[in-house]
Amino acid sequence: MLRLSIINLLLVGILLLNLFMLGTSRIRALIQAAALQGVVLGVMPLLIAGYGTWTTGLIAIGTVALKGSVIPQMLRRALREAQIKREVEPLIGFVPTMLLGALGTLLSIAVASGLPLEPQHRELLIVPASFSTVVTGFLLLTTRIKAITQVIGYLVLENGIFIFGMLLVEAMPFLVEIGILLDLFVGIFVVSIIIHHINREFASLDTRLLASLKE
């Protein structure tokens with residue numbers, strides 16, 4: 001019972017981080033929030049599986065290392081090279097985006113309550129937290145104009161998928177989970193290179209400037 005309460009408390013923390021990321025204009029704070037979310041996600045498989053197998057432990061270590069340290073360091077480096085601090089003039093304002101995120105969270109809870117979940121999963125907030133985090137990532141991808149913020153949106157979107165995968169953490173093959181983490185790492189690495197070239201070419205990370213490359 002205590003374990004379920006701790007898991008739900010961590011999931012509530014993830015939901016609060018989602019709203020914080022939608023409402024902040026400071027990109028460094030956004031990176032730190034995504035890193036904290038990654039650390040929380042790394043701990044959760046151990047709690048859900050009950051400290052079960054060595055594979056679960058490796059998944060947790062890999063998740064914390066990549067999502068909580070390696071990828072945030074890559075994004076901080078890109079941020080320093082780009083010499084930007086804030087997301088300015090987003091396509092949708094910060095307050096409306098937070099309201100959309102809150103609405104997405106409420107809809108996620110409503111949808112999750114109607115799903116035929118296993119009895120042990122009904123007491124957890126895994127499904128609504130997963131759906132809400134996916135919505136948050138999608139909003140960051142589509143409503144922000146800085147390339148780094150959009151990369152963080154991709155990272156948060158994958159976090160939502162990762163949360164949903166924890167429903168099967170006891171049965172999910174180890175190689176599949178590690179493959180997801182490696183794909184994420186490679187994707188962020190490639191996008192960081194793209195960010196560098198965008199900033200060098202345009203002296204800005206505003207992705208709307210890419211329209212000038214049209215013939």
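None of the figures in this text is laboratory data; all of them are computed from the coordinates on show. Quick caveat, the model's predicted, so the values are computed rather than measured. Positions of Cβ are generated from backbone atoms using ideal geometry, with glycine treated the same way; all protein chains shown enter the neighbour counts.
Taking 0.36 nm per residue of sequence separation and subtracting the Cα-Cα distance, how much length would be gained by fully extending the chain between GLN83 and LEU47, in nm to one decimal?
Additional length available on full extension: 9.0 nm.
Under 5 Å between amide H atoms, partner at least 5 residues away or on a different chain: which partners does ARG86 have, H built in plane at 1.01 Å?
Residues meeting the amide H criterion: ILE27.
Sort 20-32, 96-108, 154-166 by the packing proxy (mean of other Cβ within 10 Å over each peptide's residues), most packed first.
Put in order of decreasing packing, that is 154-166, 20-32, 96-108.
Compute the distance from the alpha-carbon center of the range 115-134 to that of the range 14-41, in whole Å.
Taking the Cα centre of each part, the range 115-134 and the range 14-41 sit 21 Å apart.
Label points 7 Å out from Cα along the Cβ direction at LEU103 and ALA65: separation in nm?
That separation, rounded to one decimal, is 4.2 nm.
In nm, give the distance between the simple-model label positions of SER25 and VAL39, each being 7 Å from the Cα along the Cα-to-Cβ direction.
Calculated label separation equals 2.8 nm.
Each residue of the range 10-18 in turn: what ³J(HN,Hα) in whole Hz from Karplus with 6.51, -1.76, 1.60 and θ = phi - 60°, glycine and Pro shown as x?
5, 5, 4, x, 5, 4, 5, 5, 4
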